[in-house]
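Report on one structure; see the data block that follows.
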Amino acid sequence: MEIRRILVVDDEENMCHMLSMVLGKAGYQVDYVLNGIEALDFLGKFPVDLVLCDVRMPKMDGMALLDAIQEKGIDVLIIMMSAFGTIDTAVEAMKKGAYDYISKPFKPDEVLLTLKKAEERQRLKKENLYLLKNARDRYSFANIVGKSRKMQELFATVEKVADYKTTVLITGPSGTGKEMIARAIHYKGARASNPLVAVNCGGIPENLLESELFGHVKGAFTDAIKSKKGLFLEADGGTLFLDEIGEMPVSLQVKLLRALQEGEIRPVGENRTIEVDVRIIAATTKNLADAVKEGTFREDLYYRLNVIHLEIPPLSERPEDIPLLIEHFIAKHNKRLGLNVEGISRKAMKVLQQYSWPGNVRQLENVLERAMVMSSGDVLDVEDFPDEIRFSKNNKPISNLPETLYSIKEATRWLEKELIIKALKKTGGNRTQAAKLLDISHPALLYKMKDYGIGGIQSKKTNADE
Ligand SMILES: Nc1ncnc2c1ncn2[C@@H]1O[C@H](COP(=O)(O)OP(=O)(O)OP(=O)(O)O)[C@@H](O)[C@H]1O
Ligand SMILES: [Mg+2]
């Protein structure tokens, strides 16, 4: 915001004259009044960008004026002027929302400097803040944030399947929110008031997993000194979340399939079966279809689990979700840690949107939390993020070979072109450096660029070498 119109409020008329002159000379449009009541009257009639206000005044003092301005919702910056003995009040005023204070007596330059600072801060704040007001609510679903088409489709599917007992398979790389989606399905659905029991199939040794899931009777094996209920029975009426299902040993896969098909389980050491009513949600980072081909996952179980398949894309495939996630996590950790981070600079946002996020949303959240704690300003900037993120621009892996390309000759040309573009981007269009990176001669690079129809890569660095 540009500060142009200033209202001085001070009961000492000399002070008002002095400020009018100094500020007027500096190009501001200045008016003055002698107390708070007149100030309110003025503010009600004329637009003002900033109020320069004495603390101690007859009729209505500075604090009362501040209160009144806020109560009326007048949008104006307020800087308090405090004489000796009123500094405490001025500080108090800042806590209440005054923008700054300046202590009397002051030199003309000091006032101007304070104003410049205020302007600069306002400008930075406005420029830097990536505003996403209200967007969060629109694009969040059970605290899961995402506006990308893929995520919106996921939310819609979750909504549709939540109420049914259908088995759901959730796949996606680590940190994409598989467990969150599983929880959303349970808590949005008809089973929400019954238990949701989660188990990590990769985290329990094979011999224990069976009794963990299906329970055992006393004496079923050496360590079975008591009988055990098992997670299926604990989840009766509710949902059993089988995380890392791809890690489940094949021997148990058979038993799981039976439980799914028959709706009954048999605890270890028990010869009767027990009926259970459990909804299964399974998740994995593995490609189960591949596991089936490799023989580590049973095909019949795969089809049984795969009735509804929710696939969560990696974060790098939905950069449009990143700003929203950032806003979500800043709000979350402000609240949790008692911080006051207001947002993130445009530059930092760009860097975060370009990064490849191998650890997906979990990594983004961790990186943000750390930046919020370490940052000294109220707007996160590029410096607040780790080097590997800041300096990884243009480091995206080369995109996938086109589906229809089989010819080795053609594919080699395709790759060569990609590499040249990558090298030129990396060097900001500097062909000598690019040729070095590519390990070919400068003329060879020029020839190939012509051959492939690659123009100069534009760059801010204009250290072009020809
Ligand atoms: N869309 C999202 N909105 C908000 N938070 C998310 C989102 N996706 C993931 N998170 C956060 O990221 C973290 C990881 O999520 P979650 O544990 O569900 O991932 P996961 O896919 O199960 O990972 P893993 O495969 O490593 O177990 C959690 O802290 C979660 O709060
Ligand atoms: Mg998980």
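The values are calculated or read from the model by the stated rules, or taken from the named source; none is laboratory data. Worth saying up front: this structure is predicted, and the values here are computed from it rather than measured. Please note: Cβ atoms are built from the backbone with ideal geometry, for glycine as well, and neighbour counts cover all protein chains shown.
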Exercise. Quick one: which residue in 389, 308, 326 is touching a Leu at 6+ places or on another chain (Cβ under 8 Å) and either small (Gly, Ala, Ser) or under 30 Å from residue 239 (Cα atoms) (or both)?
Key: 308
Self-check item: Residue list for the stretch 172-194, filter: in contact with a helix residue (DSSP H, G or I) (Cβ under 7 Å, 6 or more places away or on another chain) and either crowded, with 19+ Cβ neighbours inside 10 Å or in a helix (DSSP H, G or I) (or both)
Solution: 172, 175, 176, 177, 181, 184, 185, 188
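Of all the helices (runs of 4 or more DSSP H) wholly in the stretch 214-321, which have at least 3 residues that are closer than 16 Å to residue 198 by Cβ and in contact with a strand residue (DSSP E or B) (Cβ under 9 Å, 6 or more places away or on another chain)?
231-234
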Quiz item: Are any of the residues in the stretch 322-340 under 30 Å from residue 412 (Cβ atoms) and either of a type in the set (Gly, Ala, Ser) or modelled with pLDDT under 95 (or both)?
Solution: no
Self-check item: Residues located in the stretch 232-246, provided they are crowded, with 21+ Cβ neighbours inside 10 Å and away from ligand 2 (no atom under 16 Å from the Cβ)
Solution: 232, 235
Exercise. Tell me which of these residue 304 doesn't satisfy, since it passes every other one: (1) farther than 30 Å from residue 284 by Cβ; (2) surrounded by 15 or more Cβ atoms within 10 Å (Cβ to Cβ).
Key: (1)
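Out of all the residues in the stretch 173-203, which are of a type in the set (Lys, Arg) and either within 13 Å of ligand 1 (Cβ to nearest atom) or closer than 20 Å to residue 246 by Cα (or both)? Step through it out loud before you land on a result.
Initially, the stretch 173-203 is screened for residues of a type in the set (Lys, Arg), giving 178, 183, 188, 191.
If the condition is that a residue be of a type in the set (Lys, Arg) and either within 13 Å of ligand 1 (Cβ to nearest atom) or closer than 20 Å to residue 246 by Cα (or both), then 178, 183 are the ones that fit.
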Practice problem: Please verify whether the stretch 328-342 includes one or more residues that are among the polar types (S, T, N, Q) and under 18 Å from residue 149 (Cα atoms). | Solution: no
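For the stretch 194-208, indicate whether the set of residues that are in the same structural domain as residue 299 (by TED's automatic domain parsing), out of contact with any Gly (no Cβ under 9 Å at 6 or more places or on another chain), within 16 Å of ligand 2 (Cβ to nearest atom) and among the β-branched types (Val, Ile, Thr) is non-empty. Explain how you work it out, then say what you get.
Start the filter on the stretch 194-208 by keeping residues that are in the same structural domain as residue 299 (by TED's automatic domain parsing), which leaves 194-208.
With out of contact with any Gly (no Cβ under 9 Å at 6 or more places or on another chain) added as a condition, the list becomes 198-200, 203-208.
So of that shortlist, the ones also within 16 Å of ligand 2 (Cβ to nearest atom) come out as 198-200, 203-204.
Then keep just the ones that are among the β-branched types (Val, Ile, Thr); that gives 199, 204.
Scanning the stretch 194-208, I find at least one residue that is in the same structural domain as residue 299 (by TED's automatic domain parsing), out of contact with any Gly (no Cβ under 9 Å at 6 or more places or on another chain), within 16 Å of ligand 2 (Cβ to nearest atom) and among the β-branched types (Val, Ile, Thr), so the answer is yes.
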